[in-house]
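Q: Got a structure for you, questions after.
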Amino acid sequence: MKIVVIGGTGLIGSKLIANLTAQGHEAVPAAPNTGVNTLTGEGLAEVLTGASVVIDVSNSPSFEDEAVLNFFETSTGNLLAAEEKAGVGHHVALSIVGAERPPERGYFRAKIAQESLIEKSPIPYSIVHATQFFEFTRAIADEATTDGKVRMAPVLYQPMAADDVAEQVAKVATASPLNGRTEIAGPDRYRMDEFFREALAIRNDPREVVADPDAHYFGAPLKQNSLVPLGDATLGKVHYNTWPGRLQTPK
């Protein structure tokens, strides 16, 4: 079947395209660099013609509160309207485990706004909540660095590999719509500061990781379970200590 992947040239999107194509589906990447712009609507009608499923793994180019909210509301609204006209039977969106728990962060509020639009749409849907990706380890550490020290809250953390994310999203997309949410996470649970201490050491990153109960995650305070599934979750297969990207050293 024809499956359109919005954000199909990005980290998760490109892996989804490869996964779905290997399964024999017609997987079509849709992004501004392929002539599809969900903010303006450009190319949407054309790319959605004949599509059975749409997977949205796109992301905002700006994480500033107002900009990211505008992106997800506008993009998702345009996309759902175009899908309804095209007769798409399943809308799949990738979101974040715990997005509803620390609402102080604008990005999380924007993701919840996106999910609300999807729920109100007449299109059958599935929302996949994923934990943080291994691939973002360095970026998260950089954001948490102050005066050369990486300040991390000693809370639970359960990251996963992008390959596992793509595999699970593909499974959801090729099954019947959930009309609800499912959660996916890494196979191992850590204390956040301990994970980053080990991850930076593996990369020969000299920064000291400090356990700081008051440390924020991209501006949001964290509780013990803010970033991990609270109930059942599908776990990935790739462990951080065997993930090839763990050896990447700082530039």
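The values are calculated or read from the model by the stated rules, or taken from the named source; none is laboratory data. A quick note: this is a predicted structure, and the numbers were derived from the prediction, not measured. Cβ coordinates were reconstructed from backbone atoms using ideal geometry, including for glycine residues, and neighbour counts include every protein chain displayed. Accessible surface areas use protein heavy atoms only, side chains included; no ligands, DNA or RNA. Shrake-Rupley method; radii C 1.70, N 1.55, O 1.52, S 1.80 Å.
Q: Determine if region 106-120 includes at least one residue that is surrounded by 21 or more Cβ atoms within 10 Å (Cβ to Cβ), aromatic (Phe, Trp, Tyr) and under 22 Å from LYS171 (Cα atoms).
A: So far as region 106-120 goes, no, none of its residues is surrounded by 21 or more Cβ atoms within 10 Å (Cβ to Cβ), aromatic (Phe, Trp, Tyr) and under 22 Å from LYS171 (Cα atoms).
Q: Among the residues of region 222-251 satisfying the criterion of being small (Gly, Ala, Ser) and under 17 Å from the mean Cα position of the chain (by Cα), which is nearest to GLN168 (Cα to Cα)?
A: Checking each candidate, the answer is GLY236.
Q: Further question: Just to be sure I understand the filter: pairs with C-beta atoms under 9 Å, separated by 6 or more residues or on different chains, first member in region 179-206 and free of Cβ contacts under 8 Å to residues at least 40 places away in the same chain and farther than 18 Å from LYS237 by Cα, second member among the polar types (S, T, N, Q) and open to solvent by 40 Å² or more (accessible area, probe 1.4 Å). Which pairs pass?
A: GLU198/ASN241
Q: Regarding VAL172, is this residue in a helix (DSSP H, G or I) and either crowded, with 17+ Cβ neighbours inside 10 Å or of a type in the set (S, T, N, Q) (or both)?
A: yes
Q: Taking region 43-72 as the region of interest, how many residues are open to solvent by 60 Å² or more (accessible area, probe 1.4 Å), closer than 20 Å to LYS85 by Cβ and among the polar types (S, T, N, Q)?
A: 1
Q: For ARG181, work out the one condition from (1) over 17 Å from ILE96 (Cα atoms); (2) in a strand (DSSP E or B); (3) among the basic types (Lys, Arg) it doesn't fulfil.
A: Just one mismatch for ARG181, condition (1).
Q: Same structure, new question: I'm trying to understand the selection: among the residues of region 28-42, which are of a type outside the set (S, T, N, Q) and crowded, with 19+ Cβ neighbours inside 10 Å?
A: VAL28, PRO29, ALA30, ALA31, VAL36
Q: Yes or no: GLY236 surrounded by fewer than 17 Cβ atoms within 10 Å (Cβ to Cβ), at pLDDT 95 or above and not aliphatic (A, V, I, L, M)?
A: no
Q: If you don't mind, another one. Test THR21 against the stated conditions and say whether it is among the hydroxyl-bearing types (Ser, Thr, Tyr), surrounded by fewer than 22 Cβ atoms within 10 Å (Cβ to Cβ) and part of a loop (DSSP other than H, G, I, E, B). Give the steps one after another, and end with the answer.
A: Working: among the hydroxyl-bearing types (Ser, Thr, Tyr): yes; surrounded by fewer than 22 Cβ atoms within 10 Å (Cβ to Cβ): yes; part of a loop (DSSP other than H, G, I, E, B): no.
No, not satisfied.
Q: What tally of residues in region 64-102 results from selecting those that are over 14 Å from GLN114 (Cβ atoms) and part of a loop (DSSP other than H, G, I, E, B)?
A: The total comes to 8.
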